[in-house]
Amino acid sequence: MGNDGSSIVRVKNLQVSLGHLCNKTRDEEAKNFDAVSRWTVCRLTGHHLRPPVLSDYLGNLFNKESVLEWLLTPHKEDYSEEQIKLFGHIRSLKDVVELGNLVNSKDLRLKCDVGDEILGKSSSKLMYPAGCGHVLPRRMLENSTDQPKCPVCDKAISKGDNITLNAKGADREALEKRMNNLKRLNLTHSGKRSKTKKRGASVEDNPNAKRQKN
């Protein structure tokens, strides 16, 4: 006996429901992966993060060697359009800050050498002063004092230059506003003066790194 019309409709509805369920599961898995991977892999290459680690003005994390490769590829032929769109603001080492106090934990995840906060597992938001790059829990950097200093290096800091790692929502908006203000002053994320370059990207803070000619 052949299938009647109602049976065919039920089968199609079941297929659609299963399809939606699979899509929802994939979306949830992607979100969970992103929540972990942004703390464990370099945003440029997808390679595991390992010191030395750099951060841009939005708190994105990169391996230093990956950023150097990015800067040494002026036409970005090795990168996707999405990567170029997301990270085109990195034009020199002045546009990133090295996070000097990150070390590997026993399970090879990054952690702060002060307080042992593990990136991605900390109950507190993690931040760093753009002037020194020492990563600490927000509570340690935002204690209200007349002359705030970095607890690691004792360098004077400005609360407006404290960068939230992997910033989202209001934190991200605040960092975008900070960067716009720096641009008007011809300053970079690191606080160093910006230089206008005639050709491509620059590795001006790394004079020993030169692109080999074919």
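The values are calculated or read from the model by the stated rules, or taken from the named source; none is laboratory data. The structure displayed is predicted, hence computed values, not measured ones. So basically every Cβ, Gly included, is an ideal-geometry build from the backbone, and we count neighbours across all protein chains shown.
Summary of computed values
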| read-out | value |
| --- | --- |
| Filtered residue count, the stretch 93-107, keeping only those that are of a type outside the set (S, T, N, Q) and either touching a strand residue (DSSP E or B) at 6+ places or on another chain (Cβ under 7 Å) or under 10 Å from residue 132 (Cβ atoms) (or both) | 7 |
| Matching residues in the stretch 123-152 - criterion: being among the hydroxyl-bearing types (Ser, Thr, Tyr) and part of a strand (DSSP E or B) | 128 |
| Single match in 154, 116, 95 (criterion: of a type in the set (Asp, Glu), closer than 22 Å to residue 38 by Cα and over 19 Å from the mean Cα position of the chain (by Cα)) | 116 |
| The stretch 86-125: number of residues that are at pLDDT below 95, touching a Ser or Thr at 6+ places or on another chain (Cβ under 8 Å) and β-branched (Val, Ile, Thr) | 1 |
| Residues satisfying the stated conditions in the stretch 114-140, i.e. more than 17 Å from residue 166 (Cα to Cα) and either of a type in the set (A, V, I, L, M) or surrounded by 14 or more Cβ atoms within 10 Å (Cβ to Cβ) (or both) | 114, 115, 131, 132, 140 |
| Residues being surrounded by fewer than 19 Cβ atoms within 10 Å (Cβ to Cβ), over 13 Å from residue 43 (Cα atoms) and in contact (Cβ under 8 Å) with a residue 12 or more places away in the chain - total across the stretch 79-96 | 1 |
| Residues that are modelled with pLDDT under 90 and loosely packed, with under 14 Cβ neighbours inside 10 Å, drawn from the stretch 141-157 | 143, 144, 145, 146, 147 |
| Residues satisfying the stated conditions in the stretch 145-192, i.e. touching a residue at least 12 places away in the same chain (Cβ under 8 Å) and charged (D, E, K, R) | 155, 159, 161, 171, 172, 176, 178, 192 |
